[in-house]
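The values are calculated or read from the model by the stated rules, or taken from the named source; none is laboratory data. Small disclaimer: the values here were computed from a predicted structure and weren't measured. Note: ideal-geometry Cβ built from the backbone for every residue, glycine included; neighbour counts use all protein chains shown. In case anyone asks, the SASA skips ligands and DNA or RNA and just uses the protein heavy atoms, side chains included. Shrake-Rupley method; radii C 1.70, N 1.55, O 1.52, S 1.80 Å.
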Amino acid sequence: MQKIGVLGAGAWGTALAVAARGAGRDTLLWAREDEVVTSVNTAHVNSLFLPDVTLDPELKATGALEDLADRDAILVVSPAQHMRAMVRALKEHLPDGVPLVICSKGIEVATGKLLSEAVEEEAPNNPVAVLSGPTFAIEVARGLPCALTLASKDEKTGKALVAALGQATFRPYYNADIVGAQIGGAVKNVLAIATGISAGLGVGENARAAVITRGLAEIIRFGKLYGAQTETLMGLSGLGDLILTCSSTQSRNMSLGKAIGEGRTFEEIMAERNSVAEGAHTVEIVHKIAGEKGLDMPITAAVYNILKQGREVKAVMDELMARPFTSEHR
């Protein structure tokens, strides 16, 4: 796998393109925005989404999906709710057999399906893998060390991708549990909003630790519904990602929650942003599935009530704290 394509040139897609170049791969970055293509190719910077990082001049950008047709693998970094449509458009140009690596986090709201299921439906003859873990784009782009999960049901494909992308500061670990790798990354975004709300309310670090820990229980509970392995959810793409995303306002989801906890409305916050806080979408489908399956996910329900039902933050938090005491392991 010498030629890597990256579908999506937001901050994370650009950071992954930097990592692929750092691993010595011929890397082509697809961007929807003409100004990003021009900026990457001429000024060697993504002026719109990652302006503080100088890019390798050998990293090239394109706005034409057909230019990705000769790649040995494609990292798919489009927002979760647009992934199906992007893969459908890409597939018109992509040969069978080229691995598609899902690098976004979320669950398809319209169908309740995991992103791997959506991609497999649109490109049934292309192997699907998942790259997920505790990573902030800016740190990856600057070459700071990180570790991730690279999940694939096909061990040969997964290990080939690890070999293609792995390097001293970008360390993917192979995992066969493609389902668990997605569940952790999706649900932790909801919990990051919850920790942000608690930070905005100023209720302290003890509360943040409680939300992280009880949130992990919700991730495991939800993951079991899909057959995810608990070991995966306790690993990099689950607990690791949860800790990072709930610990810093570099996280778009935590910063969204913090602003809500401080009294701002969801609508006015999102009007100021050019990037997606995926947890705001994911909470809708996770809450719906939990209700249908009888899963107890009170933190997720609290975020849903605040974001989607418009309920007052303090009232929802008071209700959450007044829940009956129960066993920790139920």
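Some values worked out for this structure:
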| item | result |
| --- | --- |
| Pairs, first without any contact (Cβ under 8 Å) to a residue 40 or more places away in the chain in the stretch 41-61, second part of a helix (DSSP H, G or I) and open to solvent by 60 Å² or more (accessible area, probe 1.4 Å), C-beta under 8 Å, six or more apart | Ser47/Glu35 |
| Residues of the stretch 49-87 classified as over 17 Å from the mean Cα position of the chain (by Cα), hydrophobic (A, V, I, L, M, F, W, C) and farther than 18 Å from Phe136 by Cβ, total | 8 |
| Some residue of the stretch 131-151 being at positive phi and not hydroxyl-bearing (Ser, Thr, Tyr) | yes |
| Close pairs (9 angstrom Cβ cut-off, 6 or more residues apart or separate chains): in contact (Cβ under 8 Å) with a residue 60 or more places away in the chain and within 21 Å of Val98 (Cα to Cα) in the stretch 140-156, open to solvent by 20 Å² or more (accessible area, probe 1.4 Å) and of a type in the set (D, E, K, R) anywhere | none |
| Restricting the stretch 271-292 to residues that are assigned to a loop (DSSP other than H, G, I, E, B) and open to solvent by 60 Å² or more (accessible area, probe 1.4 Å), the residue that is modelled with the highest pLDDT | Glu272 |
| One residue from Val119, Val109, Val77 being in contact with a His (Cβ under 7 Å, 6 or more places away or on another chain) and among the aliphatic types (A, V, I, L, M) | Val109 |
| Selected residue (only one of Ile197, Ile219 is at pLDDT 95 or above, among the β-branched types (Val, Ile, Thr) and over 23 Å from Gly294 (Cβ atoms)) | Ile197 |
| Residues that are touching a Leu at 6+ places or on another chain (Cβ under 6 Å) and of a type in the set (Phe, Trp, Tyr), drawn from the stretch 261-317 | Phe266 |
| Criterion: surrounded by 13 or more Cβ atoms within 10 Å (Cβ to Cβ) and in a loop (DSSP other than H, G, I, E, B) - qualifying residue of Arg330, Arg311 | Arg311 |
| Number of the exception - Leu320 against (1) assigned to a helix (DSSP H, G or I); (2) out of contact with any helix residue (DSSP H, G or I) (no Cβ under 7 Å at 6 or more places or on another chain); (3) open to solvent by 20 Å² or more (accessible area, probe 1.4 Å) | (2) |
| Selected residue (criterion: most open to solvent (accessible area, probe 1.4 Å)) from residues of the stretch 232-265 that are within 9 Å of Gly133 (Cα to Cα) and touching a strand residue (DSSP E or B) at 6+ places or on another chain (Cβ under 7 Å) | Leu236 |
| Residues that are buried (at least 24 other Cβ atoms within 10 Å of the Cβ), among the small types (Gly, Ala, Ser) and either at pLDDT below 95 or touching an Asp or Glu at 6+ places or on another chain (Cβ under 9 Å) (or both), drawn from the stretch 18-55 | Ala20 |
| Selected residue [in contact with a Pro (Cβ under 7 Å, 6 or more places away or on another chain) and more than 17 Å from Glu122 (Cβ to Cβ)] from Val53, Val45 | Val45 |
| Residue within the stretch 129-138 that is farther than 30 Å from Val53 by Cβ and touching a residue at least 40 places away in the same chain (Cβ under 8 Å) present | no |
| Scope the stretch 101-112; condition farther than 20 Å from Leu161 by Cβ and either open to solvent by less than 60 Å² (accessible area, probe 1.4 Å) or assigned to a helix (DSSP H, G or I) (or both); matching residues | Gly106, Ile107, Glu108, Val109, Gly112 |
